[in-house]
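Sharing a structure here in structure tokens format.
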Amino acid sequence: MTELSERYTAVLERIAAAARRVGRQPADVTLVAVTKTWPAETVLAAYAAGMRHFGENRPEELAAKRTAVEQVLGMDSGIVWHQIGTLQSRKTGLTAVHADVFHALDRLKIAHRLARELAQNGRLLPTFLEVNVSGEASKSGFDVSNWVEDATQQDKIRTAVRTMNELPALPLRGLMTMAPWDAPEAEIRAVFRQTKRLADWLNEMETAVHLTDLSMGMTDDFELAVEEGATHVRVGRALFGTRT
Ligand SMILES: *Cc1c(COP(=O)(O)O)cnc(C)c1O
């Protein structure tokens with residue numbers, strides 16, 4: 001086995017163990033292999049090791065890498081390309097054309113632009129709303145740091161999911177969040193748990209909305225995220241090593 005296959009197997013085993021600890025099925029968790037900063041050759045090696053979901057945070061990089069990979073593997077490789085980073089509005093065109101899933105919708109303006117561009121291309125882009133649970137100013141996403149008490153935050157997030165529901169080109173899959181950097185485990189777990197609670201609450205309040213997925217967990221915290229209900233974990237360093 002190559003070193004990459006060994007790392008892949010180890011990450012899959014850790015996901016499976018975390019799922020089983022809480023009575024979940026390992027198959028209910030999708031591992032998105034985050035290849036940002038790595039060349040297309042890394043994606044090809046990961047593909048050979050069995051990986052099929054790849055995540056990029058910059059739309060230019062996703063577009064270029066996808067094109068390079070398709071030159072080798074063709075269009076029917078079964079790869080799913082995930083745009084995991086937030087978008088600037090002038091970059092939505094690249095995502096509308098090249099991404100298969102979008103994890104980081106943080107403003108409705110972006111949703112409206114994407115919806116127009118997707119319609120022009122006849123594509124659908126399953127989407128996650130990014131939520132900022134910890135309230136850290138450095139984090140993007142809808143501010144839901146005090147949603148249980150704050151009626152304004154509740155209104156904003158409910159309006160966001162209702163608006164998304166009216167944009168058929170952007171099927172709303174669920175919520176995405178990032179845990180605080182280097183925080184105690186209890187604090188990280190609380191962020192994931194609040195995200196799940198918020199999704200449950202939105203499903204209850206907005207009966208037309210069906211948030212089924214939760215994109216949460218990275219190299220340092222994906223097992224906690226799986227224990228708290230993640231359906232998508234976005235893992236880079238544990239698979240590919242430290243980015244240079
Ligand atoms: C880079 C990145 C990841 C993966 O981070 P690792 O710590 O390498 O696992 C996950 N999600 C987003 C949004 C990222 O930008």
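For residues that are within 16 Å of the ligand (Cβ to nearest atom), surrounded by fewer than 17 Cβ atoms within 10 Å (Cβ to Cβ) and of a type outside the set (Phe, Trp, Tyr), tally how many sit in the range 141-184.
Residues in the range 141-184 being within 16 Å of the ligand (Cβ to nearest atom), surrounded by fewer than 17 Cβ atoms within 10 Å (Cβ to Cβ) and of a type outside the set (Phe, Trp, Tyr): 2 in total.
Name the single residue that is surrounded by the fewest Cβ atoms within 10 Å (Cβ to Cβ) among those in the range 112-132 being over 15 Å from the mean Cα position of the chain (by Cα), on the phi < 0 side of the Ramachandran plot and assigned to a loop (DSSP other than H, G, I, E, B).
Leu124
Going by the structure shown, is Ala160 in a helix (DSSP H, G or I), touching a Leu at 6+ places or on another chain (Cβ under 8 Å) and at pLDDT 95 or above?
Numbers: in a helix (DSSP H, G or I): yes; touching a Leu at 6+ places or on another chain (Cβ under 8 Å): yes; at pLDDT 95 or above: yes.
Criteria met by Ala160.
What pairs come out if I take residues in the range 43-63 that are under 10 Å from Ala99 (Cα atoms) and pair them with residues that are of a type in the set (Lys, Arg) whose C-beta lies under 7 Å away, six or more apart or interchain?
Note: pairs meeting the criteria are Gly55/Arg234; Glu56/Lys36; Glu56/Lys65; Pro59/Lys91.
Could I ask something else about it? Please count how many residues of the range 36-46 are more than 14 Å from Arg7 (Cα to Cα) and touching a helix residue (DSSP H, G or I) at 6+ places or on another chain (Cβ under 7 Å).
5
Against the condition closer than 18 Å to Leu198 by Cα, of a type outside the set (Lys, Arg) and in contact with a helix residue (DSSP H, G or I) (Cβ under 7 Å, 6 or more places away or on another chain), how does Val97 come out, does it pass? Break it down stepwise before answering.
Values: closer than 18 Å to Leu198 by Cα: no; of a type outside the set (Lys, Arg): yes; in contact with a helix residue (DSSP H, G or I) (Cβ under 7 Å, 6 or more places away or on another chain): yes.
In short, no.
Whether any residue in the range 59-69 is crowded, with 17+ Cβ neighbours inside 10 Å, touching an Asp or Glu at 6+ places or on another chain (Cβ under 8 Å) and not hydroxyl-bearing (Ser, Thr, Tyr) is what I want to check.
yes
Confirm whether Glu56 is closer than 20 Å to Asp221 by Cα, acidic (Asp, Glu) and surrounded by 15 or more Cβ atoms within 10 Å (Cβ to Cβ).
Criteria met by Glu56.
Looking at Thr67, Thr95, which one is over 21 Å from Thr30 (Cβ atoms) and either away from the ligand (no atom under 16 Å from the Cβ) or assigned to a helix (DSSP H, G or I) (or both)?
Thr67
Sticking with this structure for a sec: Of all residues in the range 70-89, count the ones that are assigned to a loop (DSSP other than H, G, I, E, B), out of contact with any His (no Cβ under 6 Å at 6 or more places or on another chain) and of a type outside the set (Gly, Ala, Ser).
Number of matching residues: 6.
Quick one: is Leu73 within 13 Å of the ligand (Cβ to nearest atom), over 15 Å from Met218 (Cα atoms) and among the hydrophobic types (A, V, I, L, M, F, W, C)? Explain how you work it out, then say what you get.
Values: within 13 Å of the ligand (Cβ to nearest atom): no; over 15 Å from Met218 (Cα atoms): yes; among the hydrophobic types (A, V, I, L, M, F, W, C): yes.
Considered against the rule, which asks whether it is within 13 Å of the ligand (Cβ to nearest atom), over 15 Å from Met218 (Cα atoms) and among the hydrophobic types (A, V, I, L, M, F, W, C), Leu73 comes out as no.
Another question, then. Considering only residues that are among the aliphatic types (A, V, I, L, M), within 9 Å of the ligand (Cβ to nearest atom), within 16 Å of the chain's Cα centre (by Cα) and more than 13 Å from Leu175 (Cα to Cα), which ones fall in the range 206-244?
Met218, Val235
Also, quick follow-up: In this structure, is Leu198 away from the ligand (no atom under 16 Å from the Cβ) and in a loop (DSSP other than H, G, I, E, B)?
Here the answer is no, as Leu198 does not meet what is asked.
For Val80, indicate whether it is surrounded by 21 or more Cβ atoms within 10 Å (Cβ to Cβ) and within 30 Å of His210 (Cβ to Cβ).
No; evaluated as a whole, the condition is false for this residue.
The values are calculated or read from the model by the stated rules, or taken from the named source; none is laboratory data. Everything quoted here is computed from the prediction, not taken from an experiment. Every residue, glycine among them, receives a Cβ derived from its backbone with ideal geometry; neighbour counts consider all protein chains shown.
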